[in-house]
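The values are calculated or read from the model by the stated rules, or taken from the named source; none is laboratory data. These numbers were taken from a predicted model, which means no experiment stands behind them. Here the Cβ positions follow ideal geometry from the backbone for every residue, glycine too, while neighbour counts run over all protein chains shown. Remember, those area values only see protein heavy atoms, side chains included, never the ligands or the DNA or RNA. Shrake-Rupley method; radii C 1.70, N 1.55, O 1.52, S 1.80 Å.
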Amino acid sequence: MNWSSAAAFFDMGGYGLYVWGAYAVTLLVMLVEPWWVRRRQRQALRDVATPPLQE
Amino acid sequence: MSLRWFTFSAPSRFVRLCARLNPWLWALAVVLALVALYIGFFVAPTDATQGDAYRIIFIHVPAAWMSMVVYLAMAFWAAVGWSMNTRMASMLAQGLAPTGALMAFIALWTGAFWGRPAWGAWWVWDARLTSELILLFLYLGYMALKSSIDDEVRGDKASALLAIIGAINVPIIYFSVRWWNTLHQGATISLTAAPKMAHTMLLAMLLMTFAFWAYAFAMAFARASAIALERERHTLWARQWAAGEAITAEGEQ
């Protein structure tokens, strides 16, 4: 085990800002993209049933 | 023996295959990522020279690798779509692009958050960093070009040309740390030499690479399926598929 306490874990040996800044944005991107693709899939399915008006 | 190379070039079969594969790819991505994070943060030791800042490597390197692999896959499928007139190949190339762009973005972002403590700078115009930034712009250029041309087939061809020419940048990124004197460190692992890192660190990094790989596949497949439905909304298979999905959705409620 590398960490003596939760505080030590979040501190990351003084590099907390950098480590968590990198991980947080990566996680955010990887949550937003699936949500975005899911929405596109649902929209595509809806458009098959009722095509958009401009066509 | 006749190999059925073109079985999944029919959008209807491709979409069905993706729907079947994606839950497994998702499960694989999540499980591998959790194991990689556990090993990366709780088993792998603190680095002697870089302290705990080095732990960014567990996402930085997988994202950088995937940004290059996804680009080559995108260029390959764009070329297949162009030369063999298989529209699903072009749609798959189109489905890969945003995921590749996000991988390039993650590589650059995590690199900045690592460069600041390691080099004292968020960004330097180093050969490795600059060529990776160009990769991000190539993805964005590909997407912009594809979406700017209304005719789908013409758009496929024009963007395929851009993707193929841009592929020259991938070996430049990979060998940049050898060809030029870069601030960026050399390759941590290569096929010809023993890894320059502890086994647990390497394991966490490789597991995360497989997690990112599964994630990228799931995303590209899902997006390509959506694109296939958008482009072929008037076809019989698309209507049947949408009807089948509606029945499944009702069954879940």
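The requirement of being open to solvent by 50 Å² or more (accessible area, probe 1.4 Å) and either on the phi > 0 side of the Ramachandran plot or free of Cβ contacts under 8 Å to residues at least 40 places away in the same chain (or both) is fulfilled nowhere in region B:88-103; no residue meets it.
Is it true that B:Tyr38 is without any contact (Cβ under 8 Å) to a residue 60 or more places away in the chain and either of a type outside the set (Asp, Glu) or open to solvent by 10 Å² or more (accessible area, probe 1.4 Å) (or both)?
Values: without any contact (Cβ under 8 Å) to a residue 60 or more places away in the chain: yes; either of a type outside the set (Asp, Glu) or open to solvent by 10 Å² or more (accessible area, probe 1.4 Å) (or both): yes.
For B:Tyr38, the condition - without any contact (Cβ under 8 Å) to a residue 60 or more places away in the chain and either of a type outside the set (Asp, Glu) or open to solvent by 10 Å² or more (accessible area, probe 1.4 Å) (or both) - is met.
Rundown of residues vs (1) part of a helix (DSSP H, G or I); (2) basic (Lys, Arg), yes/no style:
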{"residue": "B:Ala118", "(1), (2)": "yes, no"}
{"residue": "B:Ala121", "(1), (2)": "no, no"}
{"residue": "B:Val124", "(1), (2)": "no, no"}
{"residue": "B:Arg128", "(1), (2)": "yes, yes"}
{"residue": "B:Ser131", "(1), (2)": "yes, no"}
{"residue": "B:Ile134", "(1), (2)": "yes, no"}
{"residue": "B:Lys146", "(1), (2)": "yes, yes"}
{"residue": "B:Asp150", "(1), (2)": "no, no"}
{"residue": "B:Val153", "(1), (2)": "yes, no"}
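Of the residues screened, B:His234 is not one that is more than 9 Å from chain A (Cβ to nearest Cβ), surrounded by fewer than 20 Cβ atoms within 10 Å (Cβ to Cβ) and modelled with pLDDT under 90. Of all the numbered requirements in (1) open to solvent by 50 Å² or more (accessible area, probe 1.4 Å); (2) over 21 Å from the mean Cα position of the chain (by Cα); (3) more than 10 Å from every other protein chain (Cβ to nearest Cβ), B:Val30 misses one, and that requirement is (2).
Taking the stated definitions as given, is B:Leu72 of a type in the set (A, V, I, L, M), open to solvent by 40 Å² or more (accessible area, probe 1.4 Å), within 17 Å of the chain's Cα centre (by Cα) and more than 10 Å from chain A (Cβ to nearest Cβ)?
Numbers: of a type in the set (A, V, I, L, M): yes; open to solvent by 40 Å² or more (accessible area, probe 1.4 Å): yes; within 17 Å of the chain's Cα centre (by Cα): yes; more than 10 Å from chain A (Cβ to nearest Cβ): yes.
It is true that B:Leu72 is of a type in the set (A, V, I, L, M), open to solvent by 40 Å² or more (accessible area, probe 1.4 Å), within 17 Å of the chain's Cα centre (by Cα) and more than 10 Å from chain A (Cβ to nearest Cβ).
Scanning region B:42-55 for residues that are open to solvent by less than 10 Å² (accessible area, probe 1.4 Å), at the interface with another protein chain (Cβ under 7 Å from one of its Cβ atoms) and either hydrophobic (A, V, I, L, M, F, W, C) or touching a Pro at 6+ places or on another chain (Cβ under 9 Å) (or both) turns up just one, B:Ala53. In summary, B:Ala224 fulfils each of the numbered conditions (1) more than 14 Å from B:Leu96 (Cβ to Cβ); (2) crowded, with 17+ Cβ neighbours inside 10 Å; (3) hydrophobic (A, V, I, L, M, F, W, C) with the single exception of condition (1). Being crowded, with 21+ Cβ neighbours inside 10 Å, of a type outside the set (A, V, I, L, M, F, W, C), within 14 Å of chain A (Cβ to nearest Cβ) and over 15 Å from the mean Cα position of the chain (by Cα) is not true of B:Gly120. Looking across region B:147-193, just one residue is at pLDDT below 85, open to solvent by 80 Å² or more (accessible area, probe 1.4 Å) and farther than 22 Å from B:Ala107 by Cα, and that is B:Thr192.
If you go through region A:12-29 and pick out every residue that is open to solvent by less than 20 Å² (accessible area, probe 1.4 Å) and more than 7 Å from every other protein chain (Cβ to nearest Cβ), you end up with 1.
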